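Colleague: First, the structure itself, so that you have it in front of you.
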Amino acid sequence: MSDAVQDKAIARPPALLIPRRKLCFPEVPDRIPYEGPDSKNLLAFRIYNPMMQVGEKTMAQHLKFAVCYWHTMRGTGQDPFGPGTMIRPWENADADPLENAKNRVRVFFAILEILGVPYFTAHDRDLAPEGKTLAETNANLDAVIAVVKEEMARTGIKCLWFTANLFSNPRYMHGAATSCNADAFAYAAAQVKKALEIAKELGAEGYVFWGGREGYQTWLNTNMSRELAHLAQFMHMAVDYAKKIDFTGQFYFEPKPCEPTKHQYDFDAAACINFLRAYGLEKDVKLNIETNHATLAGHAVEHELDYAGFQGFLGSVDANTGDELLGWDTDQFPTNVYLTTLIMLVFLKYGGFTSGGVNFDAKVRRESFEPVDLFYAHIGGMDTFAKGLLIATAIRSDGELARMVAERYRSWDTGIGAAIETGAQDFESLERYMLEQGDAEPNQSGRQELFEGVLNRYIF
Ligand code: XLS
Ligand code: NI
Ligand code: NI
């Protein structure tokens, strides 16, 4: 941190008024410019050029970037070994918490404006402090949402999805919808009812269920079938209430295998889709897939996305990354072009984002404690996704990789393969066929190294 910033942070009691950008972010321009690939300026975009036409849409329309409120505004840098580290000149611990919360919203929208990001995501409890009762908490939330609405109207920034925090408060220690305590379920229902009303009011394009503590720590004390039935009832109630108030945003279920519980019911895309189908929610809920959660489940994110995609469950992506040496949800910003290329390849395969988008569910490191780091982080993530979009678009328009995959399955296009696919064969006819053939000869190499080489040719 430069001395100048430090002096300001210490000398100036944070003011509870619309943040004067130059005080909060002295190094950052009013708007991050696009300077092109040759720029050395890391407070500029090198690749992300929102108006650039890529196929039928602009880059901005393809990527639908969102900044999340929780990590960006409420991340303090606290970890299990020490307290927060972040210097946030707009925070005022001595002020009325509600006034501080409103001011924080204005800073948030200033950050998005500077970045030129069109969407945000938030939990209810990120925005406003809890009161002593549910009624008080709702009133606090209403007061802050009024500021959110003002800022949305002022800037044109939209809500990609809204959600409720059903995991931080101790009342949810056993989970919310899957709690052994029916009162916790009831509280969560009231909380999500309110969150859906807000989603409607903000015109949110979606609503996310992330399990939080919907899972368990030990089988010994757990009635799994009862808990899962409750979770399904809860989601049905949400879908029904959304219909009642005419909230037409898309519902998403976000897979995560562990953290905070040992066994999360929303383990991965397969577990979520199975749950949604088993309980009749498949028409109303898609998936919000997070890169780092895929990794924790032992999957590549492109596997999770495509697994959801071919079954019609692909919704949105929480864009972040883990660390290959750390086995927890580190929520780092994505800087790997291979990763973003593969993510965009899958989304383009299914026609791109509709209700969903690229939400940076990512946080700066505890050591990156200055406000300017929020900009380096998001600019880096946006450029990396923009590059991934361009590469994926080139791969798709050449069609070479797709042709190579099609070629690998050519035995299914004619002869016995085509006959099986059309349903014209059974075990008896296939036995007759094989008795005649004698054996199934290996017919081609997997060519993994060739496929990787072709991908690399687009990347560098
Ligand atoms: C936590 C989740 C969470 C959801 C929203 O790991 O990623 O941030 O995206 O509740
Ligand atoms: Ni997430
Ligand atoms: Ni996460």
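Colleague: Applying the Karplus parametrisation 6.51 cos²θ - 1.76 cosθ + 1.60 with θ = phi - 60° to the phi angles of the range 294-305, what ³J(HN,Hα) value in whole Hz is obtained for each residue in order, glycine and proline being reported as x?
Modeller: 4, 4, 5, 7, x, 10, 7, 5, 5, 5, 4, 5
Colleague: Which sequence of 193, 244, 64 reflects their accessible areas, 1.4 Å probe, from the largest down? Don't skip to the answer; put the middle values down first.
Modeller: Values: 193 95, 244 170, 64 20 Å².
Largest accessible area first, the residues go 244, 193, 64.
Colleague: With angles folded into 0 to 90 degrees, how steeply does helix 448-459 sit against the dominant principal axis of the chain? Use alpha carbons for both and round to 10.
Modeller: So the helix axis and the longest Cα principal axis differ by about 40 degrees.
Colleague: Take every Cα pair under 8 Å in the range 147-257 that's 6+ residues apart, average their separations, divide by the length, and report that relative contact order as a whole percent.
Modeller: For the range 147-257, the relative contact order is 32 percent.
Colleague: Using modelled amide H (1.01 Å from N, peptide plane; none on Pro or chain starts), what sits under 5 Å from the amide H of residue 251, excluding residues fewer than 5 places away?
Modeller: Hits under the 5 Å cutoff: 207, 286.
Colleague: Moving on. Normalised by the empirical 2.2 N^0.38 Å for globular proteins, what value does the Cα Rg of the chain take?
Modeller: 1.07
Colleague: Let me ask something additional. May I ask you to list the aspartates and glutamates whose Cα is less than 17 Å away from that of residue 262, ignoring any residue fewer than eight positions away on the same chain?
Modeller: Residue 262 reaches 214, 227, 254, 329.
Colleague: Compute the long axis of helix 427-437 from its Cα atoms, compare it with the longest principal axis of the Cα atoms of the chain, and write down the angle in degrees, 0 to 90, nearest 10.
Modeller: That helix lies at roughly 60 degrees to the long axis.
Colleague: Output ³J(HN,Hα) for the range 441-446: one whole-Hz value per residue in order, computed from phi by the Karplus curve 6.51 cos²θ - 1.76 cosθ + 1.60 with θ = phi - 60°, and x for Gly and Pro.
Modeller: 7, x, 9, 6, 6, x
Colleague: If I compute solvent accessible area with a 1.4 Å probe over the protein chains, what percent of it on the chain is carbon and sulfur?
Modeller: 55
Colleague: Distance between the C-alpha centers of the range 245-306 and the range 321-356? Whole Å please.
Modeller: 15
Colleague: Going by accessible area, probe 1.4 Å, with all protein chains left in place, what is the ranking of 70, 328, largest first?
Modeller: Largest to smallest exposure gives the sequence 328, 70.
Colleague: OK, next. Just round it to a whole percent: the fraction of Cα-Cα distances in the range 355-454 exceeding 17 Å.
Modeller: 72
Colleague: For residue 153, what charge total do you get from the other residues with a beta carbon under 14 Å from its beta carbon, if Lys and Arg give +1 and Asp and Glu give -1?
Modeller: Surrounding charge for residue 153 is 0.
Colleague: Also, quick follow-up: Using the Kirkwood radius over C-alpha pairs as Rh, can you work out the diffusion coefficient of the range 269-399 via Stokes-Einstein at 25 °C, viscosity 0.890 mPa s, in µm² per second?
Modeller: Taking Rh from Cα pairs, D becomes 159 µm²/s.
Colleague: Here is a further query. Give the shape of the range 169-318 as rounded, prolate or oblate, defined through the alpha-carbon gyration tensor: a ≥ b ≥ c are the square roots of its eigenvalues, a/c under 1.5 means rounded, and otherwise the shape is prolate if a/b is larger than b/c and oblate if not.
Modeller: Oblate.
Colleague: Round to the nearest 10 and give me the degree value, 0 to 90, for the angle of helix 269-278's Cα axis relative to the longest principal axis of the chain.
Modeller: 80
Colleague: Another question, if that's okay. Would you kindly derive the ³J(HN,Hα) couplings of the range 179-193 from the backbone phi angles with the Karplus curve 6.51 cos²θ - 1.76 cosθ + 1.60 (θ = phi - 60°), listing them in order in whole Hz, with x for Gly and Pro?
Modeller: Whole-Hz 3J(HN,Hα) from phi for the range 179-193: 6, 6, 9, 4, 5, 5, 4, 5, 4, 4, 4, 5, 5, 6, 4.
Colleague: So, one more: Find the centroid of the Cα atoms in the range 400-460 and in the range 74-137, then give the distance between the two in whole Å.
Modeller: 54
Colleague: Next up: Taking a probe of 1.4 Å, how large is the accessible area per residue of the chain, in Å²? Show your work: numbers first, answer last.
Modeller: Details: 21940 Å² over 460 residues.
Value returned for the chain: 48 Å² of accessible area per residue.
Colleague: In square nanometres, what is the average projected area of the Cα convex hull of the range 65-171?
Modeller: 7.5
Colleague: Please arrange 40, 194 by accessible surface area, largest first, computed with a 1.4 Å probe and ligands excluded. Spell out each step's value before the answer.
Modeller: Details: 40 185, 194 30 Å².
Largest to smallest exposure gives the sequence 40, 194.
The values are calculated or read from the model by the stated rules, or taken from the named source; none is laboratory data. Small disclaimer: the values here were computed from a predicted structure and weren't measured. Cβ: placed from backbone, ideal geometry, glycine included. Neighbour counts: every protein chain shown. Accessible surface areas use protein heavy atoms only, side chains included; no ligands, DNA or RNA. Shrake-Rupley method; radii C 1.70, N 1.55, O 1.52, S 1.80 Å.
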